[in-house]
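Trainee: Before we start, here is the structure in question, set down as structure tokens.
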Amino acid sequence: MLSHADNERLTRVGPGTPMGNLFRRYWLPALLAEELPERDGAPVRVRLLGEDLVAFRDSDGAVGLISAYCPHRRAPMFFGRNEECGLRCVYHGWKFDRNGACVDMPSEPPDSLFKTKVTIDAYPTWEGGGLIWAYLGPPELRPEPPGHELVRTTPEHRYVSKSLEDCNFLQALEGGIDPTHATIMHNGNIGDRTFLNDYDKLVAELNLDRTDYGFTYTGVRPRGTHTWVRGYHWIMPSFHMRARAEGNFGRKKDHDEIPTIDGHIWIPIDDEQTWVYNFGYSHDPAQPLSREQAHVIETRLGRGDYLDANYVSRLNRTNDYGIDRRRQKTQSMTGIEGINTQDFALQEGMGAIVDRSKEHLGTTDRAIITLRQILLESLDTLERGGGLRAIDPATYRNVRSIDRMVDNTLDWRLATKEDFVAKF
Ligand code: FES
Ligand SMILES: [Fe+2]
């Protein structure tokens, strides 16, 4: 449980809030690269950390991210004309480049210097991993571009998507790093229900190591002659990287599946809505994904037919996420189709911002407790002007997650050491 004050501190992300200030020290995904497919194409609305913005790909192919409102009389820049390296407000024709400079002001006399005095708020962007990243913090503290292994993969190796989650980012992030719920809530093969009586099968030996980018969490479960080792990373502020091996370990094998690294990035739209970025990529640089393999990842990570053109799930609270009570009795724990949809049902159902002063955390909540401790420590560090985890990409550039069976005759830590190192 958490005090009301700490809960507020951890969940509010608007300008000037503690957590808002923390997020503003990192590069964050602002949208998918596929949303701005062409130069001088249609601008896209972006809401990020409670700020209303507009993104556009200019004639050079670079992406501008500027205020949603024109500094003249606050007209919406979304309706602007994207032309010749700038976005022109269609109300009175003022035009701004991707850095926010006013480059044309046809409504003022030609000799006027007014346009040199007016700018529109603009944030730097960087493209990588199929994502357009933005930095909303103090310019003098801008870190190096993101260094996650994902950004070094090629489009042929990876899959990225996003989906709208209708609640605060922290309960979504906490759901992602909570390993125990996966074996219970996401169980799609409950059969005779005996799995609920097998503590060893459900709960792993937990190894949680704090790192200078966040933490590494390794679950170790006995499986006869072998040990099932699953290790993931949380990289500050909200990047989760895990792995998925071939369909063994008691899971149903998806057709043509190859081992992948996958995960999510939770990005606050504002206090009560979140973009969940989903990614997955081949574990091997020599092995690009076939279209079928990409499709397996795509449907597993929640796109498939589930999302509409605005990246909103068709199964949502208005239709109780499509819950099928008959299937819930006989087949799956939730009766809800799709891993992401199951997560959304539970996390959105907690309310827009979960009241953590009413929780009762148990032994398997260690990752969540550590996550909150590190975030609260980071807020203190930020206020004291100290250094933050994962600002320097060198701290996490070479990490990757694993999912492997290790023979019991081996020391799993030694046997898996190399698997934890990035290959791209
Ligand atoms: S409001 Fe944009 S040019 Fe006037
Ligand atoms: Fe989940």
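The values are calculated or read from the model by the stated rules, or taken from the named source; none is laboratory data. Predicted model, so just to flag it, every value in this text is computed and none were measured. Glycine gets a Cβ as well: all are built from the backbone with ideal geometry, and neighbour counts include every protein chain shown.
The rows are residues; the columns are (1) at pLDDT 90 or above; (2) in contact with a strand residue (DSSP E or B) (Cβ under 9 Å, 6 or more places away or on another chain).
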site	(1), (2)
194	no, no
197	no, no
200	no, yes
208	yes, yes
213	yes, yes
219	no, yes
222	no, yes
228	no, yes
233	yes, yes
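Trainee: Filter region 109-127 down to the residues that are surrounded by 16 or more Cβ atoms within 10 Å (Cβ to Cβ) and either among the charged types (D, E, K, R) or within 16 Å of ligand 2 (Cβ to nearest atom) (or both) and list them by number.
Mentor: Residues satisfying the conditions are 115, 127.
Trainee: Right, here's the next one. Give 149, 205 a once-over and let me know the one that is surrounded by 18 or more Cβ atoms within 10 Å (Cβ to Cβ), away from ligand 1 (no atom under 16 Å from the Cβ) and more than 25 Å from residue 58 (Cα to Cα).
Mentor: 149
Trainee: Got at least one residue in region 302-318 being modelled with pLDDT of 95 or more, over 20 Å from the mean Cα position of the chain (by Cα) and either part of a helix (DSSP H, G or I) or more than 16 Å from ligand 1 (Cβ to nearest atom) (or both)?
Mentor: Checked against the condition, which is being modelled with pLDDT of 95 or more, over 20 Å from the mean Cα position of the chain (by Cα) and either part of a helix (DSSP H, G or I) or more than 16 Å from ligand 1 (Cβ to nearest atom) (or both), region 302-318 yields at least one hit.
Trainee: Which one of these is of a type in the set (S, T, N, Q), more than 16 Å from ligand 1 (Cβ to nearest atom) and within 22 Å of residue 15 (Cα to Cα): 125, 154?
Mentor: 125
Trainee: Taking region 19-48 only, how many residues are in contact with a strand residue (DSSP E or B) (Cβ under 6 Å, 6 or more places away or on another chain), within 29 Å of residue 386 (Cα to Cα) and surrounded by 20 or more Cβ atoms within 10 Å (Cβ to Cβ)?
Mentor: Of the residues in that region, 5 qualify.
Trainee: Only one residue in 286, 309, 390, 345 is crowded, with 20+ Cβ neighbours inside 10 Å, within 29 Å of residue 146 (Cα to Cα) and hydrophobic (A, V, I, L, M, F, W, C), so which one is that?
Mentor: 390
Trainee: How about region 325-424: which helices (runs of 4 or more DSSP H) wholly inside it have at least 1 residues that are among the aromatic types (Phe, Trp, Tyr) and in contact (Cβ under 8 Å) with a residue 40 or more places away in the chain?
Mentor: 339-348, 412-416
Trainee: Follow-up question, since we're still on this one. Out of everything in region 90-108 that is under 21 Å from residue 40 (Cβ atoms), of a type in the set (D, E, K, R) and within 14 Å of ligand 1 (Cβ to nearest atom), what residue ends up being surrounded by the most Cβ atoms within 10 Å (Cβ to Cβ)?
Mentor: Step by step, filter region 90-108, then rank; the result is 95.
Trainee: Right, something else. Can you go through 7, 82 and tell me which one is at pLDDT 95 or above and away from ligand 1 (no atom under 16 Å from the Cβ)?
Mentor: 7
Trainee: Would you confirm whether or not region 356-367 contains a residue that is within 17 Å of residue 186 (Cβ to Cβ) and surrounded by fewer than 20 Cβ atoms within 10 Å (Cβ to Cβ)?
Mentor: Scanning region 356-367, I find at least one residue that is within 17 Å of residue 186 (Cβ to Cβ) and surrounded by fewer than 20 Cβ atoms within 10 Å (Cβ to Cβ), so the answer is yes.
Trainee: Any residue in region 173-184 that is away from ligand 1 (no atom under 16 Å from the Cβ) sitting within a Cβ distance under 8 Å of a residue that is at pLDDT 85 or above and part of a loop (DSSP other than H, G, I, E, B)? List the pairs, counting only those 6 or more apart or interchain.
Mentor: Qualifying pairs under 8 Å: 173/238; 184/333.
Trainee: For region 57-79, what are the residues that are away from ligand 1 (no atom under 15 Å from the Cβ) and touching a strand residue (DSSP E or B) at 6+ places or on another chain (Cβ under 8 Å)?
Mentor: 57, 58, 62, 63, 64, 65
Trainee: Can you tell me which condition residue 298 does not meet? The list is (1) assigned to a loop (DSSP other than H, G, I, E, B); (2) among the charged types (D, E, K, R); (3) more than 20 Å from residue 185 (Cβ to Cβ), and all the others hold.
Mentor: It fails just one condition, (1).
Trainee: Moving to a separate point now. Quick check: anything in region 143-152 in contact (Cβ under 8 Å) with a residue 60 or more places away in the chain and closer than 30 Å to residue 1 by Cβ?
Mentor: No, that holds for no residue.
Residue-wise test of (1) modelled with pLDDT of 95 or more; (2) closer than 30 Å to residue 424 by Cβ; (3) hydrophobic (A, V, I, L, M, F, W, C).
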| residue | (1), (2), (3) |
| --- | --- |
| 90 | yes, no, yes |
| 93 | yes, no, no |
| 97 | yes, no, no |
| 113 | yes, no, yes |
| 117 | yes, no, no |
| 121 | yes, no, no |
| 127 | yes, yes, no |
